[in-house]
Amino acid sequence: MKIPKGFRFGGVAAGLKPVRRDLALVVSDHPAAAAGVFTQNRAAAAPVQDARTRVPAEGMRAILANSGNANALTGPAGLDDVTVIRSAVADALGIQKRAVLTASTGVIGARLPAMKIVTALPGLVEQLGDHPDLAAEAIMTTDTRPKMAAREVVLGGKTAVISAICKGSGMLAPQLATTLCLVVTDAAVSPAALQEALARAVRKTLNMVTVDGETSTNDTVYLLANGLAGNPRIHEAGADLDRFETALADLLGEMARAMAADGEGATKMVEVVVSGAPGEEAARDCARSIASSPLVKAALFGADPNWGRILSTVGARAGVRGWAIDPFKARVALQGVTVFAGGVPVEFDREALRCRMRESRIDVNVALADGEALAIAWGCDLSYDYVKINADYTSLIVQREDGGVAKDDRVANYSPAFKRALLVEALKYIAAFSGQVAVIKYGGAAMVKESLKEAFAEDVTLLKRVGLKPVVVHGGAPEITKTLEKLGERSEFVDGLRITDAQSLPVVEMVLTGKVNQELVALLNVRNAGAVGLSGKDGKLLRARKAVHESGRDLGHVGEVVEVNREFLKMFLDGGYVPVISPIGLSDGGAGLSINADEVAAAIAVATGASKLIYLTDVAGILESSPDGALVRQLTAPDLARRVEAGAITGGMKWKAHSILTALRGGVPRVHVLDGRQPHTVIAELFTDRGVGSLITSE
Ligand code: ADP
Ligand code: MG
């Protein structure tokens with residue numbers, strides 16, 4: 001990501017949260033003009049009270065933001081704590097106290113342990129560098145991923161960069177700015193012009209996001225401009241300020257969508273476009289009201305094309321606010337499918353639309369016939385998880401002696417009804433699966449991201465504990481490519497198969513068997529999963545022969561499975577071990593052959609008589625079309641074959657499709673393709689009624 005000149009970032013764990021990073025620092029090496037937009041909540045947090053009278057202003061140098069504690073409603077001590085922190089930041093950086101802004105987010109009503117922040121500052125200053133990643137991570141609360149982006153804009157012949165980090169999630173509503181968003185730019189802009197541009201850009205973007213209609217005590221957007229891009233300073237309205245504002249709004253628009261998509265418990269993002277409204281305020285009000293209606297949101301969660309709730313919301317706003325809107329003249333569309341027009345419901349293919357509403361983004365379009373104004377709002381669906389996250393939030397918070405807080409997130413602490421439902425549902429499956437073999441192909445993001453690796457290891461361990469016999473087959477393509485690149489070799493692929501010459505074979509083996517496999521085994525065995533690392537060479541587990549590509553092209557040391565040594569595997573399974581297999585086969589001549597891991601997983605599943613074969617990958621499952629078609633929840637072997645034939649399944653998924661068909665033909669009753677980018681998908685698929693990915697059966 002591009003970052004503007006003269007800014008440095010850092011993020012550390014100060015102990016406000018149990019383990020994660022919770023303290024972010026953004027520093028401008030030169031005095032910067034500053035602007036800010038704050039919450040309208042009258043119970044504003046102490047950092048907001050401190051900062052809102054001090055911007056817009058010249059000469060700002062640093063923003064310190066913490067998560068884990070909102071420093072809100074903590075009495076007079078709250079402002080004292082802000083002062084202590086500002087002084088400490090000023091000392092640590094050798095700048096003036098008035099050049100420091102702060103922001104907080106987290107639990108309301110717990111005193112901020114300012115000394116923890118003071119203690120962590122030297123380490124944070126030490127760490128300052130030109131990547132905003134750690135700072136973006138440190139301001140997260142219930143966000144599941146950091147949010148950052150940048151834009152470039154040419155001003156007076158000079159290229160300036162604007163970059164932003166933000167956090168969203170719950171308590172996010174449109175009355176005001178948003179939660180925390182720290183924007184920095186090297187453009188030269190006066191504080192007044194900066195404030196104007198920020199306020200206008202926020203109005204169209206962050207102010208149009210709604211996750212739950214709540215208005216937080218801490219919402220803050222800061223914008224620092226240090227002028228190092230060297231453009232003639234922008235003081236007033238004009239072409240340059242317009243260009244700057246357009247780029248800023250574009251950037252904040254991306255942040256707004258990212259926040260909506262990652263709302264608490266959200267499974268999908270919704271974009272509501274209301275056009276043809278009698279005025280801008282009416283358009284904004286209708287768009288936001290639709291995006292924040294609990295009924296609309298619940299229907300979106302269920303992929304239910306219940307458009308009546310949408311139009312009803314418009315009618316309600318028109319009545320309550322007195323907008324000159326005639327809802328009977330509106331045209332309503334969901335995912336581009338018109339559902340109401342000309343004053344009457346329009347016939348549509350309900351099943352097809354339901355299917356499209358399972359996509360991760362929902363488009364709601366309301367075209368009114370009452371004027372010219374248009375507004376766009378972003379939101380998310382309302383899921384069971386929103387309630388789960390928020391029902392017990394403060395009851396789960398434990399205040400620790402050192403002033404920090406921890407979350408006691410054990411299921412035991414949730415409401416009895418929730419626990420009962422969850423356990424009954426899960427136990428049913430646990431009983432049914434006991435003693436059966438499940439082969440899991442481990443690939444994609446689940447193999448790369450630290451938290452996902454942990455979640456995967458936990459899942460496999462848990463499966464074993466409840467009596468399932470897991471077998472893990474892993475890939476390692478990205479890691480191999482990286483290592484080959486380091487050695488100065490380029491990877492060439494034919495139909496998703498890496499051409500493996502004599503030189504790269506040892507590298508492939510080293511990475512798969514020597515590294516990926518061993519790391520996974522270690523991760524599992526820390527949890528006492530009883531994992532045993534195997535390559536296909538061990539015990540002649542995978543007898544293989546050289547594969548010939550249909551084009552006749554020589555792929556080098558690439559193989560296909562001839563035979564699986566099932567007795568050997570059975571020995572481990574009977575002994576209660578979890579085999580972790582790297583996709584290397586052994587030729588009759590004794591050479592190693594690299595085999596596609598999808599194929600290995602299928603062969604192993606057939607050989608072990610597995611009752612489940614699970615592919616963890618980087619997409620939601622099998623899609624109608626790649627990359628953004630709807631998820632196909634359930635399909636049969638002939639259906640899958642037809643889709644491959646029709647060209648709707650390509651690339652890496654084509655390999656999986658072939659492997660899935662092989663497995664089904666070989667007697668594996670159920671194959672799942674799951675989204676490995678979400679934590680614990682394996683458990684969610686196996687132990688709950690509502691599966692999460694695609695399920696493929698013979699018929
Ligand atoms: P893995 O690392 O899990 O083996 P691959 O990249 O080999 O992942 O295979 C999954 C990829 O297949 C997807 O990321 C997507 O780009 C591609 N693909 C092609 N067609 C489809 C489809 N119809 N549904 C899902 N994914 C598809
Ligand atoms: Mg693949």
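The values are calculated or read from the model by the stated rules, or taken from the named source; none is laboratory data. Quick caveat: nothing in here was measured; it's all calculated off a predicted structure. With ideal geometry, Cβ positions are generated from the backbone for all residues, glycine too; neighbour counts draw on all protein chains shown. Ligands, DNA and RNA are excluded from the accessible area calculation, which covers all protein heavy atoms including side chains. Shrake-Rupley method; radii C 1.70, N 1.55, O 1.52, S 1.80 Å.
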Notebook entry, point to check: Non-local amide H neighbours of K147 (under 5 Å, H modeled in plane, Pro and chain starts lacking H): which ones?
Noted result: C166
Checklist line | Whichever aspartates and glutamates have a C-alpha closer than 15 Å to that of K515, once near sequence neighbours (fewer than 8 apart) are set aside | finding: E479
Next item on the list: Take every DSSP beta bridge whose two residues both sit in the chain, then give the antiparallel share in percent to the nearest 5.
Entry: 55 percent
Checklist line | Amide hydrogen neighbours beyond the local backbone of T338, cut-off 5 Å, H modeled | finding: none
Check: lysines within cross-link reach of K268: Cα-Cα under 22 Å, excluding same-chain residues under 8 positions apart?
Finding: K147, K167, K204, K297, K388, K449
Next item on the list: Tell me the GluC sites (Glu not before Pro) within the range 478-570 that lie in a loop according to DSSP and have at most 13 other beta-carbon atoms within 10 Å.
Entry: E492, E550
Item checked: Two-site FRET efficiency, A431 against L73, from Cβ-Cβ distance with R₀ of 41 Å, rounded to 0.05 -> 0.30
Margin query: Taking a ≥ b ≥ c as the square roots of the Cα gyration tensor eigenvalues, with a/c under 1.5 meaning rounded and otherwise prolate when a/b beats b/c, else oblate, which class fits the range 99-248?
Written below: oblate
Check: How much length, in nm to one decimal, is gained on full extension between E351 and R465, taken as 0.36 nm per residue of separation minus their Cα-Cα distance?
Finding: 37.1 nm
Margin query: Residue by residue through the range 66-79, what is 3J(HN,Hα) from phi via Karplus (6.51 cos²θ - 1.76 cosθ + 1.60, θ = phi - 60°)? Round to whole Hz and write x for glycine and proline.
Written below: 10, 10, x, 7, 7, 6, 10, 6, 10, x, x, 4, x, 5
Item checked: Carbon and sulfur %, accessible surface of the chain computed with the full protein complex present, 1.4 Å -> 54 percent
Margin query: What is the distance in Å between the Cα centroid of the range 642-699 and that of the range 451-520?
Written below: 20 Å
Item checked: Spatially proximal aspartates and glutamates relative to K464 (Cα-Cα < 18 Å; intrachain offsets below 8 disregarded) -> E454, D574, E685
Checklist line | Quotient of Cα Rg and 2.2 N^0.38 Å for the chain, N being how many residues it contains | finding: 1.05
Note to self: From the phi angles alone, apply the Karplus equation (6.51, -1.76, 1.60; θ = phi - 60°) to the range 117-128 and give each ³J(HN,Hα) in whole Hz, x where the residue is Gly or Pro.
What the structure shows: 5, 4, 5, 7, 4, x, x, 5, 5, 4, 7, 3
Note to self: Once you order the gyration tensor axes a ≥ b ≥ c over the Cα atoms, which shape class does the range 551-658 get: rounded for a/c under 1.5, otherwise prolate or oblate by comparing a/b with b/c?
What the structure shows: oblate
Item checked: HN-Hα J in Hz across the range 205-210 - Karplus 6.51, -1.76, 1.60, θ = phi - 60°, x for Gly and Pro -> 10, 4, 6, 9, 9, 9
Notebook entry, point to check: How much accessible area per residue does the chain have, in Å², with a 1.4 Å probe?
Noted result: 41 Å²
